[in-house]
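Enquirer: For reference, the structure I am asking about is given below.
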Amino acid sequence: MLIDLIKCHGSNNDFLLIDETDRNYKFDDFKRRDLALALCDRELSLGADGILFIRPSKVADAQYRIFNSDGTEASMCGNGLRCAGRYVCEKLGVDEAVIETMKANLKVKKHEEIFSDIPTYQVEISPVTFELNDLPLVLDQEKLIQEKIPQLSEELTFTALAVPNPHLTAVVSKEQLESNLQTELSEKVNNPNDLFPDGVNVSFIRLLEKGSIFVRTYERGVGYTNACGTAMSASTLVTCLLGENELGQPINVYNNGGMVQCAVHKEEDSYTIDLIGNATFVYSAQIEVDFSKEGLLEEILEQEDFNEDILYGKLQEHAKNYLSQY
(Lines give C-alpha, C1' and ligand atoms only; values in the text may rest on other atoms or scores of the structure.)
Protein backbone atom coordinates (compact mmCIF):
# COMPACT_ATOMS: atom_id res chain seq x y z
CA MET A 1 0.00 0.00 0.00
CA LEU A 2 1.24 3.49 -0.92
CA ILE A 3 0.79 6.12 1.80
CA ASP A 4 1.37 9.88 1.44
CA LEU A 5 2.35 11.79 4.57
CA ILE A 6 3.75 15.04 5.90
CA LYS A 7 6.32 15.30 8.68
CA CYS A 8 5.39 18.31 10.82
CA HIS A 9 5.92 19.73 14.27
CA GLY A 10 4.66 22.17 16.87
CA SER A 11 7.50 23.33 19.15
CA ASN A 12 9.46 20.31 17.86
CA ASN A 13 6.78 17.97 19.20
CA ASP A 14 6.84 16.11 15.90
CA PHE A 15 4.25 14.10 14.00
CA LEU A 16 3.53 12.27 10.79
CA LEU A 17 0.30 13.56 9.24
CA ILE A 18 -1.73 11.17 7.07
CA ASP A 19 -4.84 12.40 5.23
CA GLU A 20 -7.45 9.64 5.04
CA THR A 21 -10.02 11.84 3.25
CA ASP A 22 -8.44 11.76 -0.22
CA ARG A 23 -7.32 8.15 -0.29
CA ASN A 24 -9.39 5.13 0.66
CA TYR A 25 -6.76 3.59 2.91
CA LYS A 26 -9.39 1.64 4.89
CA PHE A 27 -7.36 1.80 8.10
CA ASP A 28 -8.87 0.20 11.16
CA ASP A 29 -7.54 1.03 14.62
CA PHE A 30 -5.24 -1.99 14.58
CA LYS A 31 -3.55 -0.67 11.44
CA ARG A 32 -3.35 2.86 12.89
CA ARG A 33 -1.67 1.40 15.97
CA ASP A 34 0.72 -0.67 13.85
CA LEU A 35 1.60 2.37 11.73
CA ALA A 36 2.35 4.41 14.87
CA LEU A 37 4.54 1.67 16.34
CA ALA A 38 6.47 1.18 13.10
CA LEU A 39 6.76 4.66 11.58
CA CYS A 40 7.41 6.56 14.84
CA ASP A 41 10.42 4.41 15.72
CA ARG A 42 13.33 6.86 15.47
CA GLU A 43 15.96 4.15 15.04
CA LEU A 44 14.24 2.04 12.40
CA SER A 45 11.97 4.42 10.50
CA LEU A 46 10.97 8.09 9.99
CA GLY A 47 10.54 8.76 13.70
CA ALA A 48 7.96 10.93 15.45
CA ASP A 49 6.09 11.42 18.71
CA GLY A 50 2.88 10.28 17.05
CA ILE A 51 0.71 10.12 13.91
CA LEU A 52 -2.09 12.55 13.07
CA PHE A 53 -4.85 10.93 11.03
CA ILE A 54 -7.06 13.46 9.21
CA ARG A 55 -10.54 12.04 8.57
CA PRO A 56 -13.93 13.21 7.27
CA SER A 57 -16.33 14.62 9.86
CA LYS A 58 -20.10 15.01 9.92
CA VAL A 59 -19.98 17.71 12.60
CA ALA A 60 -16.87 19.77 11.70
CA ASP A 61 -14.57 20.64 8.81
CA ALA A 62 -12.47 17.56 9.57
CA GLN A 63 -11.77 15.04 12.28
CA TYR A 64 -8.34 14.28 13.60
CA ARG A 65 -7.17 11.35 15.65
CA ILE A 66 -3.73 11.04 17.17
CA PHE A 67 -1.90 7.82 17.94
CA ASN A 68 1.17 8.05 20.18
CA SER A 69 4.47 6.40 19.34
CA ASP A 70 3.58 3.51 21.69
CA GLY A 71 0.42 2.78 19.69
CA THR A 72 -2.06 4.24 22.18
CA GLU A 73 -4.60 6.86 21.15
CA ALA A 74 -4.60 10.29 22.81
CA SER A 75 -7.79 12.28 23.28
CA MET A 76 -6.09 15.53 22.28
CA CYS A 77 -2.75 17.10 21.46
CA GLY A 78 -2.43 20.87 21.21
CA ASN A 79 0.77 20.91 19.17
CA GLY A 80 -0.67 18.28 16.84
CA LEU A 81 -3.92 20.21 16.54
CA ARG A 82 -2.05 23.27 15.26
CA CYS A 83 -0.43 21.15 12.56
CA ALA A 84 -3.71 19.44 11.68
CA GLY A 85 -5.48 22.81 11.71
CA ARG A 86 -2.97 24.34 9.31
CA TYR A 87 -3.28 21.37 6.98
CA VAL A 88 -7.09 21.51 6.94
CA CYS A 89 -7.20 25.31 6.53
CA GLU A 90 -4.76 25.28 3.62
CA LYS A 91 -6.53 22.36 1.99
CA LEU A 92 -9.90 24.15 2.22
CA GLY A 93 -8.41 27.56 1.37
CA VAL A 94 -9.67 29.18 4.59
CA ASP A 95 -8.10 30.95 7.58
CA GLU A 96 -10.11 29.15 10.25
CA ALA A 97 -11.85 25.83 10.70
CA VAL A 98 -13.40 23.53 13.27
CA ILE A 99 -11.70 20.20 13.99
CA GLU A 100 -13.50 17.29 15.60
CA THR A 101 -11.45 15.70 18.39
CA MET A 102 -12.29 12.85 20.74
CA LYS A 103 -13.80 15.10 23.45
CA ALA A 104 -14.85 18.30 21.65
CA ASN A 105 -15.06 20.19 18.36
CA LEU A 106 -12.33 22.80 18.56
CA LYS A 107 -11.64 26.01 16.64
CA VAL A 108 -8.35 26.55 14.84
CA LYS A 109 -7.34 29.67 12.96
CA LYS A 110 -4.38 31.28 11.31
CA HIS A 111 -2.71 33.79 13.63
CA GLU A 112 -0.21 36.59 13.20
CA GLU A 113 3.33 35.23 13.30
CA ILE A 114 4.65 34.46 16.75
CA PHE A 115 8.15 34.93 15.29
CA SER A 116 9.33 36.20 11.92
CA ASP A 117 8.47 33.88 8.99
CA ILE A 118 6.96 31.18 11.24
CA PRO A 119 3.55 29.78 10.12
CA THR A 120 1.46 30.35 13.25
CA TYR A 121 -1.91 28.96 14.28
CA GLN A 122 -4.18 29.42 17.29
CA VAL A 123 -6.15 26.50 18.65
CA GLU A 124 -8.77 26.26 21.36
CA ILE A 125 -7.91 24.01 24.31
CA SER A 126 -11.04 22.80 26.07
CA PRO A 127 -12.89 21.44 27.96
CA VAL A 128 -11.07 22.11 31.23
CA THR A 129 -11.98 20.18 34.37
CA PHE A 130 -10.50 19.86 37.86
CA GLU A 131 -12.67 16.86 38.81
CA LEU A 132 -10.33 14.04 39.79
CA ASN A 133 -12.69 11.45 38.32
CA ASP A 134 -12.05 12.97 34.89
CA LEU A 135 -8.32 12.24 34.96
CA PRO A 136 -8.77 9.80 36.79
CA LEU A 137 -6.84 10.36 40.04
CA VAL A 138 -7.83 8.06 42.90
CA LEU A 139 -7.91 10.19 46.05
CA ASP A 140 -10.56 10.65 48.70
CA GLN A 141 -11.43 14.17 47.48
CA GLU A 142 -13.01 15.82 44.44
CA LYS A 143 -10.22 18.20 43.38
CA LEU A 144 -6.50 18.72 43.91
CA ILE A 145 -5.37 22.34 43.57
CA GLN A 146 -2.01 23.27 45.08
CA GLU A 147 -1.86 20.38 47.51
CA LYS A 148 0.68 17.74 48.40
CA ILE A 149 0.37 14.05 47.51
CA PRO A 150 2.45 12.37 50.24
CA GLN A 151 2.61 9.10 48.25
CA LEU A 152 4.48 10.94 45.50
CA SER A 153 6.54 13.68 47.12
CA GLU A 154 6.95 15.48 50.43
CA GLU A 155 8.49 18.55 48.81
CA LEU A 156 6.24 19.27 45.81
CA THR A 157 2.80 20.86 45.67
CA PHE A 158 0.57 19.60 42.87
CA THR A 159 -2.42 20.67 40.81
CA ALA A 160 -4.34 18.05 38.81
CA LEU A 161 -6.55 18.90 35.85
CA ALA A 162 -7.73 17.56 32.50
CA VAL A 163 -7.74 19.71 29.35
CA PRO A 164 -9.02 17.10 28.28
CA ASN A 165 -5.76 15.09 28.54
CA PRO A 166 -4.92 14.41 32.21
CA HIS A 167 -2.16 16.54 33.72
CA LEU A 168 -0.31 16.68 37.01
CA THR A 169 1.61 19.93 37.42
CA ALA A 170 4.03 21.36 39.96
CA VAL A 171 5.81 24.72 40.15
CA VAL A 172 9.46 23.95 40.85
CA SER A 173 12.82 25.59 41.44
CA LYS A 174 15.72 25.45 39.00
CA GLU A 175 17.41 22.86 41.22
CA GLN A 176 14.31 20.64 41.27
CA LEU A 177 13.99 20.94 37.49
CA GLU A 178 17.59 19.87 36.99
CA SER A 179 17.29 16.90 39.37
CA ASN A 180 15.93 13.40 38.64
CA LEU A 181 12.75 14.17 40.57
CA GLN A 182 10.50 14.56 37.53
CA THR A 183 11.74 11.38 35.89
CA GLU A 184 11.28 9.29 39.04
CA LEU A 185 7.82 10.73 39.71
CA SER A 186 6.68 10.38 36.09
CA GLU A 187 7.78 6.77 35.81
CA LYS A 188 6.00 5.97 39.06
CA VAL A 189 2.62 7.36 37.93
CA ASN A 190 2.88 5.91 34.42
CA ASN A 191 3.65 2.38 35.51
CA PRO A 192 1.06 0.33 37.43
CA ASN A 193 0.11 2.40 40.49
CA ASP A 194 -2.83 3.07 42.81
CA LEU A 195 -3.21 6.80 42.07
CA PHE A 196 -3.36 7.09 38.28
CA PRO A 197 -4.80 3.86 36.79
CA ASP A 198 -4.54 5.29 33.26
CA GLY A 199 -1.28 7.18 33.77
CA VAL A 200 -0.89 10.97 33.56
CA ASN A 201 1.18 13.68 31.87
CA VAL A 202 3.57 15.25 34.39
CA SER A 203 4.72 18.86 33.98
CA PHE A 204 7.30 20.83 35.94
CA ILE A 205 6.80 24.61 35.70
CA ARG A 206 9.44 27.27 36.29
CA LEU A 207 8.34 30.86 36.80
CA LEU A 208 10.72 33.13 34.86
CA GLU A 209 9.31 36.66 34.93
CA LYS A 210 5.83 38.11 34.77
CA GLY A 211 4.29 36.82 31.56
CA SER A 212 6.90 34.11 30.94
CA ILE A 213 7.22 30.53 32.17
CA PHE A 214 9.15 27.38 31.26
CA VAL A 215 7.38 24.00 31.05
CA ARG A 216 8.89 20.53 30.69
CA THR A 217 6.55 17.56 30.30
CA TYR A 218 6.79 13.81 30.57
CA GLU A 219 3.97 12.65 28.31
CA ARG A 220 1.93 9.58 29.03
CA GLY A 221 2.57 7.06 26.26
CA VAL A 222 5.62 8.90 24.91
CA GLY A 223 8.02 10.02 27.67
CA TYR A 224 9.80 13.37 27.51
CA THR A 225 8.94 15.40 24.44
CA ASN A 226 10.26 18.77 23.33
CA ALA A 227 6.86 20.24 24.16
CA CYS A 228 3.28 19.25 24.95
CA GLY A 229 0.54 21.67 23.87
CA THR A 230 -2.11 20.68 26.39
CA ALA A 231 0.52 20.61 29.15
CA MET A 232 1.67 24.15 28.34
CA SER A 233 -1.97 25.25 28.32
CA ALA A 234 -2.71 23.54 31.64
CA SER A 235 0.47 24.94 33.17
CA THR A 236 -0.40 28.47 32.09
CA LEU A 237 -3.82 28.11 33.72
CA VAL A 238 -2.17 26.93 36.96
CA THR A 239 0.08 30.02 37.07
CA CYS A 240 -3.00 32.21 36.62
CA LEU A 241 -4.74 30.45 39.52
CA LEU A 242 -1.65 31.18 41.63
CA GLY A 243 -1.81 34.87 40.70
CA GLU A 244 1.58 34.71 38.96
CA ASN A 245 0.03 35.55 35.58
CA GLU A 246 -3.16 37.26 34.47
CA LEU A 247 -6.28 35.90 32.80
CA GLY A 248 -6.85 37.10 29.24
CA GLN A 249 -3.20 38.04 28.70
CA PRO A 250 -0.87 36.14 26.34
CA ILE A 251 1.81 34.31 28.33
CA ASN A 252 5.10 33.28 26.72
CA VAL A 253 5.61 29.58 27.39
CA TYR A 254 9.15 28.38 26.76
CA ASN A 255 9.95 24.73 26.27
CA ASN A 256 12.79 22.52 25.07
CA GLY A 257 11.49 22.85 21.52
CA GLY A 258 11.06 26.62 21.39
CA MET A 259 8.22 28.84 22.54
CA VAL A 260 4.44 29.26 22.27
CA GLN A 261 1.93 31.67 23.74
CA CYS A 262 -1.10 30.75 25.86
CA ALA A 263 -3.99 32.93 27.00
CA VAL A 264 -6.50 31.76 29.61
CA HIS A 265 -10.11 32.91 29.47
CA LYS A 266 -12.72 32.47 32.20
CA GLU A 267 -16.47 32.64 31.67
CA GLU A 268 -18.49 32.08 34.83
CA ASP A 269 -16.94 28.92 36.32
CA SER A 270 -15.41 27.50 33.13
CA TYR A 271 -12.07 28.06 31.42
CA THR A 272 -10.84 27.91 27.84
CA ILE A 273 -7.25 28.37 26.73
CA ASP A 274 -5.83 29.72 23.47
CA LEU A 275 -2.67 27.91 22.38
CA ILE A 276 -0.72 29.95 19.81
CA GLY A 277 2.40 28.70 18.10
CA ASN A 278 4.16 27.33 15.06
CA ALA A 279 2.77 24.68 12.73
CA THR A 280 5.88 23.76 10.77
CA PHE A 281 5.89 21.38 7.80
CA VAL A 282 9.25 19.61 7.51
CA TYR A 283 8.84 17.34 4.48
CA SER A 284 6.33 15.39 2.43
CA ALA A 285 6.95 11.74 1.68
CA GLN A 286 5.44 8.72 0.01
CA ILE A 287 6.05 5.34 1.58
CA GLU A 288 5.13 1.81 0.68
CA VAL A 289 3.78 -0.28 3.56
CA ASP A 290 3.18 -4.02 3.69
CA PHE A 291 0.71 -4.87 6.46
CA SER A 292 0.86 -8.58 5.60
CA LYS A 293 4.40 -8.93 6.92
CA GLU A 294 4.90 -9.48 10.63
CA GLY A 295 6.10 -6.25 12.20
CA LEU A 296 4.89 -4.14 9.23
CA LEU A 297 7.48 -3.38 6.58
CA GLU A 298 7.81 0.06 5.02
CA GLU A 299 10.00 1.66 2.36
CA ILE A 300 10.42 5.39 1.72
CA LEU A 301 9.90 6.02 -1.99
CA GLU A 302 9.94 9.83 -2.20
CA GLN A 303 10.76 12.68 0.17
CA GLU A 304 10.65 16.43 -0.48
CA ASP A 305 11.66 19.09 2.05
CA PHE A 306 9.56 22.20 2.75
CA ASN A 307 12.64 24.05 4.15
CA GLU A 308 10.52 25.60 6.93
CA ASP A 309 12.64 24.03 9.67
CA ILE A 310 15.54 26.33 8.83
CA LEU A 311 13.40 29.35 9.73
CA TYR A 312 12.12 27.67 12.88
CA GLY A 313 15.72 27.29 14.02
CA LYS A 314 15.85 31.08 14.51
CA LEU A 315 12.97 30.92 16.99
CA GLN A 316 14.74 28.09 18.82
CA GLU A 317 17.90 30.17 19.05
CA HIS A 318 15.88 33.12 20.42
CA ALA A 319 14.30 30.87 23.07
CA LYS A 320 17.66 29.36 24.01
CA ASN A 321 19.24 32.80 24.45
CA TYR A 322 16.34 33.99 26.59
CA LEU A 323 16.43 30.92 28.84
CA SER A 324 20.19 31.27 29.35
CA GLN A 325 19.42 34.33 31.48
CA TYR A 326 17.57 32.15 33.97
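Enquirer: Does any residue in the range 69-93 that is over 14 Å from K107 (Cα atoms) come within less than 9 Å, Cβ to Cβ, of a residue that is of a type in the set (F, W, Y) six or more places away or on a different chain, and which pairs are these?
Expert: Short answer, once both residue conditions are applied: E73/F67; A74/F67.
Enquirer: Here's another thing I want to ask about it. From the list E73, E90, which one is within 19 Å of F15 (Cα to Cα) and over 15 Å from the mean Cα position of the chain (by Cα)?
Expert: E90
Enquirer: Moving to a separate point now. Within the range 119-147, restricting attention to residues that are among the β-branched types (V, I, T) and surrounded by fewer than 14 Cβ atoms within 10 Å (Cβ to Cβ), which residue is nearest to V189 (Cα to Cα)?
Expert: V138
Residues checked against (1) open to solvent by 80 Å² or more (accessible area, probe 1.4 Å); (2) closer than 23 Å to T129 by Cβ:
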position: N245; (1), (2): no, yes
position: G258; (1), (2): no, no
position: D269; (1), (2): yes, yes
position: D274; (1), (2): no, yes
position: G313; (1), (2): no, no
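Enquirer: Does I99 qualify as being crowded, with 16+ Cβ neighbours inside 10 Å, touching a helix residue (DSSP H, G or I) at 6+ places or on another chain (Cβ under 9 Å), assigned to a loop (DSSP other than H, G, I, E, B) and at pLDDT 95 or above?
Expert: Considered against the rule, which asks whether it is crowded, with 16+ Cβ neighbours inside 10 Å, touching a helix residue (DSSP H, G or I) at 6+ places or on another chain (Cβ under 9 Å), assigned to a loop (DSSP other than H, G, I, E, B) and at pLDDT 95 or above, I99 comes out as no.
Enquirer: Among the residues of the range 235-250 satisfying the criterion of being in contact with a Ser or Thr (Cβ under 6 Å, 6 or more places away or on another chain) and not in a loop (DSSP other than H, G, I, E, B), which is farthest from K109 (Cα to Cα)?
Expert: Selected residue: V238.
Enquirer: Criterion first (touching a helix residue (DSSP H, G or I) at 6+ places or on another chain (Cβ under 7 Å) and not aliphatic (A, V, I, L, M)) does F306 satisfy it?
Expert: No.
Enquirer: Hey, another quick one. Looking only at residues in the range 148-165 that are within 11 Å of V238 (Cβ to Cβ) and surrounded by 20 or more Cβ atoms within 10 Å (Cβ to Cβ), which one is modelled with the lowest pLDDT?
Expert: The residue in question is V163.
Enquirer: Report those strands (runs of 3 or more DSSP E) wholly inside the range 251-316 carrying at least 2 residues which are of a type outside the set (A, V, I, L, M, F, W, C) and closer than 30 Å to M1 by Cα.
Expert: Because the criterion is at least 2 residues that are of a type outside the set (A, V, I, L, M, F, W, C) and closer than 30 Å to M1 by Cα, the strands (runs of 3 or more DSSP E) in the range 251-316 that meet it are 280-290, 297-305.
The values are calculated or read from the model by the stated rules, or taken from the named source; none is laboratory data. From a predicted model like this one, the values you see are computed outputs, not experimental measurements. All Cβ positions, glycine included, derive from the backbone under ideal geometry; neighbour counts span all protein chains shown. With ligands, DNA and RNA removed, areas are computed over all heavy atoms of the protein, side chains included. Shrake-Rupley method; radii C 1.70, N 1.55, O 1.52, S 1.80 Å.
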